[in-house]
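Structure record follows, encoded as structure tokens.
The values are calculated or read from the model by the stated rules, or taken from the named source; none is laboratory data. This one's a predicted model, so the numbers in the text were calculated from it and none came from an experiment. For the accessible areas, the whole protein counts, side chains as well, though only heavy atoms, and no ligand, DNA or RNA atoms are used. Shrake-Rupley method; radii C 1.70, N 1.55, O 1.52, S 1.80 Å.
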Amino acid sequence: MAQDTPYTFTNGLVNMEEGHISREIFINEAIYRQEQEQVFTRAWLFVGHESQIPQPGDYFNSCMGEESVILCRDRMGEIHVFLNSCRHRGMKVCRYDSGNTPVFTCPYHGWSFATDGKLVGVPFFKEAYHEQLDKSQWGLIEVAQLYNYKGMIWATWDATAPPFPEYLGEFSLFLDLCIDAWDGREGCTQVLGGVQKWLIPCNWKFPAENFSGDSYHNISHRSVDMVG
């Protein structure tokens with residue numbers, strides 16, 4: 001049931017002393033909306049890997065929370081992350097999962113944006129806008145901060161968020177174990193092949209909880225134990 005006031009740790013959902021968390025956090029719509037506003041719009045989020053966009057003009061359609069974003073490399077080789085939304089009417093300007101392009105063109109009214117986010121084409125610029133539209137003010141919306149950590153591209157919408165290394169803190173050790181080579185070389189990970197996607201009608205915390213590892217619940221893997 002939705003409520004007007006934000007949920008907090010003090011209203012019984014989380015019992016820090018006993019280590020109990022209410023199952024309501026997985027299904028409550030108000031909590032979900034609060035997380036989208038206070039977590040996904042402020043935290044550093046993983047967007048993709050630089051190996052997915054090796055050449056100028058390469059792009060990869062990713063997401064940050066519920067927002068579609070474009071991870072791309074401009075013609076000068078710089079990496080960007082843009083909100084996948086035309087500044088005119090909000091239509092997605094990139095409707096493919098990945099590829100290479102010199103511009104992103106909105107299929108609605110044809111506004112075109114370069115891979116550095118600049119607005120470069122407006123149909124009927126003279127007739128409809130009398131050449132008065134300041135194109136420099138209507139480029140794609142870019143993330144507030146972006147960080148390339150050993151090939152992994154992280155971004156946040158929050159300009160006041162702490163720098164990514166500070167935000168990562170001591171957890172960098174565990175991340176390094178996943179992306180560094182076994183011989184000690186740093187950042188040798190790359191993405192191979194395509195992307196598998198699932199549409200699951202559930203709160204984001206369900207797959208996050210289950211995909212992170214569930215081996216400690218041995219009985220739920222009885223069939224695997226029997227085979228092994």
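Results, tabulated for the structure shown:
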{"item": "Solvent exposure ordering (accessible area, 1.4 Å, most first) of Ser223, Ser62", "result": "Ser223, Ser62"}
{"item": "Highest-MSF residue in the chain out of Val191, Val143, Val120 [GNM, Cα springs under 10 Å]", "result": "Val191"}
{"item": "Cα radius of gyration and Dmax for the stretch 15-161 (Å)", "result": "18.3, 68"}
{"item": "Relative contact order %, the stretch 15-161, counting alpha carbon pairs below 8 Å whose residues are six or more apart", "result": "22"}
{"item": "Average silhouette area of the stretch 103-228, convex hull of alpha-carbon atoms, in square nanometres", "result": "14.0"}
